[in-house]
1. What longest range of the chain stays clear of loop-exposed trypsin sites (Lys or Arg not before Pro) (DSSP non-H/G/I/E/B, at most 13 other C-beta within 10 angstrom)?
2. Please give the net charge around Thr70, taking every other residue with its beta carbon less than 14 angstrom from that of Thr70, where Lys and Arg add +1 and Asp and Glu add -1.
3. Quick one: net charge of Ala129's neighbours, Cβ under 13 Å, K/R +1, D/E -1?
4. Using Cα-Cα distances under 8 Å and only pairs 6 or more residues apart, what relative contact order does the chain have, in percent?
5. Running a GNM on the chain with Cα contacts under 10 Å, which residue among His88, His17, His125 ends up with the highest mean-square fluctuation?
6. Enumerate the calculated ³J(HN,Hα) couplings along the range 91-97 in order (Karplus 6.51 cos²θ - 1.76 cosθ + 1.60, θ = phi - 60°), each rounded to whole Hz, writing x wherever the residue is Gly or Pro.
7. Let me check I've understood the local charge: for Arg44, count other residues with C-beta under 11 angstrom from its C-beta, Lys and Arg +1, Asp and Glu -1. What total comes out?
8. Average the reciprocal distances over every distinct pair of alpha-carbons in the chain, invert the result, and give the Kirkwood radius in Å.
Amino acid sequence: MIRTAQPADLDAIAALHTRARATYYRGRIPEEAYGGAAELERTREGWSLAVARGRAEGGVLCAERDGELTGVAAFRTTGGETTLTQLHVDPVHWRRGTGAALHAACLDAWRRAGVGRARLEVYEHNLRAQAFYARQGWLPDPSAAPAGSHRILWLTVGEPAGE
């Protein structure tokens with residue numbers, strides 16, 4: 001089930017976010033940059049701000065299975081540009097369709113809001129995520145310089161299937 005995130009979800013979202021990030025950051029950046037109590041609190045605070053945003057500014061969606069949070073996605077629209085800021089699936093739930101369901105829910109929200117194109121940045125070493133986004137239709141912007149250690153991808157949102 002995909003639903004809108006609530007403030008009561010923040011601890012679970014932050015913990016899931018931390019577990020997911022560890023899979024691609026471990027061994028590449030210092031652990032305190034993605035784990036530990038201080039980073040977990042910073043992560044929770046960031047998600048708190050995202051959950052509190054108004055619908056016109058974006059959204060946070062949770063995937064849930066049997067009452068357990070299995071994935072989370074966040075997007076934000078500023079200055080007329082929509083960005084998929086986060087999409088994480090708990091590693092123990094990989095390859096079960098959670099990411100695709102969250103992505104589809106984001107697309108639905110963007111279509112309802114009249115978004116024609118969305119942007120994201122993906123960590124250059126996160127090849128699993130890059131392959132996932134490619135399957136969803138995201139394309140690299142050949143004219144865009146990399147954003148530090150991240151690659152910029154774009155997606156044309158288009159019309160819902162069957163319209």
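Derivation of every value follows stated rules applied to the coordinates shown; laboratory data play no part. Worth saying up front: this structure is predicted, and the values here are computed from it rather than measured. With ideal geometry, Cβ positions are generated from the backbone for all residues, glycine too; neighbour counts draw on all protein chains shown.
1. 96-163
2. Numbers: positive: Arg3, Arg19, Arg65, Arg95, Arg96; negative: Asp9, Glu64, Asp66, Glu68, Asp90.
Charge balance near Thr70 sits at 0.
3. My count for the surroundings of Ala129 gives +2.
4. Relative contact order for the chain comes out at 19 percent.
5. Fluctuation is largest for His125.
6. x, 6, 10, 4, 6, 10, x
7. Spelling it out: positives minus negatives among the neighbours equals -4.
8. 16.3
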